[in-house]
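S.K.: Starting off with a structure, shown below.
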Amino acid sequence: MKSRLAKEFGLRIPLFAFTNSPEVVVAVSRAGGMGVLGAVAYSADELAKHLDWIDANIGGRPYGVDVVMPASSAIGEAEIDHEALQRMIPEPQRRFVGEMLERYQVPPLPASAHVYSDLPSFVNALSRAQVEIALTHPIKLLANALGPPPEDVIAAAHKQGIKVAALAGSKRHALKQREAGVDIIVAQGTEAGGHTGEVSTMVLVPEVVDAVAPAPVLAAGGIGSGRQLAAALALGADGGWTGSIWLTAAENKVTPPVVKEKLVAAGSRDTVRSRAMTGKPARQLKTPWTEAWDGKESPGTLPLPLQFMATSDAINRIHYHAANTPDSRAKELLGSAVGQIVGRMNAVRPAAEIVEDIAGECERTLAGLRE
Ligand SMILES: Cc1cc2nc3c(=O)[nH]c(=O)nc-3n(C[C@H](O)[C@H](O)[C@H](O)COP(=O)(O)O)c2cc1C
C-alpha cells in the first residue's frame, strides 16, 4: 500500500480525509492517514483556533488545510460589500424561500439560536485571510476546491515546502491546474459529496492519471471501504481522497446529530447533484428542498455566493427546528452535502476504526488479487 504520496507524507495508509471537523483530522492523522481540515465554514479567527488545537493534539503527524477559492464567482477577488450583495438577491428567489418555509411550517429562529454566517469563506477576499493563517501552521498540504488557487497562493505555499492540491472533475480542469503549478490532482468523480462534475470516478481517474503523468493523482468520489481504496490504486491513483464517510464519524461534532441520523438512514439513491446549496452543482441529500429548487416552479438558482445568501436564513431555521422542535416538518427539508457512498454509512463509528477497517480490507484485497 506504499504509494508515492504515502511515502512522501509519511503515512501508513494512502488515505486522505477531507473533513470540517478538527477532531476527525486529528483522529485520522494519528491513525496513519492524513486529515485535511475544510476551512470553508470557518472565519479566519475560528480557523486559527482550530489549527492551534490540531497542532496541540496531532502528535506531530502530517495534516493539511482545504480552502475554497473559486476560479469563477459573482465577485471574484473583489472586497466584500455585504449589503450590496444582499441587494443583488432578486425578489422571486426571496419569495420562493418564504413560500417553502410557510408550506413546511418552519417558524422563525428564537433569539437564543446559533446563527451560521450567510457568507462562508468561499469568496477570495475571505479565503485569502485563511491561507495566511494556514501558512503560519506546520501544514504539509494546502488544497483548493473549485479550480486552481491563484498563482501567488501557490507560490507562497511552495516557498514553505507545502504541497498544493486541487480538485478536478475533468481532464481539462486537471491539465489547467498542472499548468498553474498544482502538485497533486484530486480527480473527483460525480458520485462524490459536495461540488462535483459529471464524470464517474471509474472513468475520470485513469483519464486524469494519464493526462498529468507523472504527477500524482488522488482518487475521490465513492471511496468508503478498503476495496474501493484498492480500486483507486488499481486505477493508477496514489491514494484515496475521502469526504462523506467522516460526516458520521463519532468524533465529528460539526455534523449535528439530527443530520447524522438522516445520513445513516439514507441509501445510495438518495442524493442529487443540485445547485440548490451554493449555485454550483453539488451532490447532497435529495429532499423536498432540492426538488423544489430543481422543479418546474423554481425561479432558478443564483450564482455563488448569492444562492447561499438567499437561502441562509431558511437553512438556519430548518436546522434549528429539525433539531429542537419535536415533529417539525423542518426534518423533511433538512439536507447535507454527501456522496452516493452514504448508502454504506450505516452507523456512527470512531474515525480510527474507519481508518483501520479501510487499511485492513485494502491490504487483504491487494493480497487476494495477487494470489
Ligand atoms: C459535506 C461536504 C463538504 C465538502 N466541502 C468541500 C470543500 O469545502 N472543499 C473541498 O475541496 N471539497 C469539499 N468536499 C468534497 C471533498 O473534498 C471530497 O472530494 C469528496 O467528499 C470525495 O467524495 P466522497 O464524498 O464520495 O468521499 C465536500 C464534501 C462533503 C461531503
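S.K.: Between segment 1-60 and segment 335-371, what is the C-alpha centre distance in whole Å?
M.R.: Computed from Cα coordinates, the inter-centre distance equals 18 Å.
S.K.: Report the full-extension gain for the segment His158 to Ser200: residue separation times 0.36 nm, less the Cα-Cα distance, to one decimal in nm.
M.R.: Details: separation 42, 0.36 × 42 = 15.12 nm, distance 3.10 nm.
Taking His158 through Ser200 to full extension adds about 12.0 nm, to one decimal.
S.K.: Can you list the aspartates and glutamates whose alpha carbon sits under 16 Å from that of Lys262, skipping same-chain ones fewer than 8 residues off?
M.R.: Asp270, Asp327, Glu332
S.K.: Compute the accessible area per residue over segment 1-145, keeping the other protein chains in place, probe 1.4 Å, unit Å².
M.R.: Details: 6450 Å² over 145 residues.
Accessible area per residue, segment 1-145: 44 Å².
S.K.: In the chain, which helices (entire DSSP H runs) extend 24 Å or more along their own long axis, judged by Cα positions, while averaging at least 0.5 on the Kyte-Doolittle scale?
M.R.: Details: long enough: 306-324 (28 Å, -0.16); 351-370 (29 Å, 0.12).
The answer is none, since no helix passes both cut-offs.
S.K.: Okay, moving on. Antiparallel as a % of all DSSP beta bridges within the chain, to the nearest 5?
M.R.: Working: 7 of 38 bridges.
That works out to approximately 20 percent antiparallel.
S.K.: Once the mean 1/r over all distinct Cα pairs of segment 147-187 is inverted, what Kirkwood radius in angstroms do you read off? Intermediate results must be reported in sequence, preceding the final value.
M.R.: Values: mean 1/r = 0.1001 Å⁻¹.
Over segment 147-187, the inverse of the mean reciprocal pair distance is 10.0 Å.
S.K.: Another question, then. With a point put 7 Å past each Cα toward its Cβ, work out how far Glu207 is from Thr136 in nm, to one decimal.
M.R.: According to this spin-label approximation, the distance is 4.2 nm.
S.K.: Could you quote the convex hull projected area for segment 207-282, Cα atoms only and averaged over all directions, in nm²? Mind dumping the intermediate values first?
M.R.: Values: hull surface 27.5 nm².
Quarter of the Cα hull surface area: 6.9 nm².
S.K.: Compute the accessible area per residue over segment 265-324, keeping the other protein chains in place, probe 1.4 Å, unit Å².
M.R.: Details: 2480 Å² over 60 residues.
Dividing the accessible area of segment 265-324 by its residue count gives 41 Å².
S.K.: Rounded to the nearest percent, how much of the accessible area of the chain (1.4 Å probe, protein heavy atoms only) is carbon and sulfur?
M.R.: Working: 8390 of 16090 Å².
Of the solvent-accessible surface of the chain, carbon and sulfur hold 52 percent.
S.K.: If you take all C-alpha pairs in the chain, what percent of them are over 30 Å apart? Don't skip to the answer; put the middle values down first.
M.R.: Details: 24098 of 68635 pairs.
For the chain, the share of Cα pairs beyond 30 Å comes to 35 percent.
S.K.: At 7 Å along the Cα-to-beta-carbon direction for both Arg349 and Arg4, put a label point, then send me their distance in nm to one decimal.
M.R.: About 3.1 nm separates the two model spin labels.
S.K.: Let me ask another. Multiplying the sequence separation of Glu151 and Arg370 by 0.36 nm and subtracting their Cα-Cα distance, what value in nm do you get?
M.R.: Numbers: separation 219, 0.36 × 219 = 78.84 nm, distance 4.33 nm.
Roughly 74.5 nm would be gained on extension.
S.K.: Hey, with R₀ at 41 Å, roughly what FRET efficiency would Asp357 and Arg87 work out to, going by the Cβ-Cβ distance, to 0.05?
M.R.: Working: r = 50 Å, r/R0 = 1.23.
That gives a FRET efficiency of 0.25.
The values are calculated or read from the model by the stated rules, or taken from the named source; none is laboratory data. Predicted model, so just to flag it, every value in this text is computed and none were measured. Cβ coordinates were reconstructed from backbone atoms using ideal geometry, including for glycine residues, and neighbour counts include every protein chain displayed. Areas reflect the complete protein model, heavy atoms only, side chains present, ligands, DNA and RNA absent. Shrake-Rupley method; radii C 1.70, N 1.55, O 1.52, S 1.80 Å.
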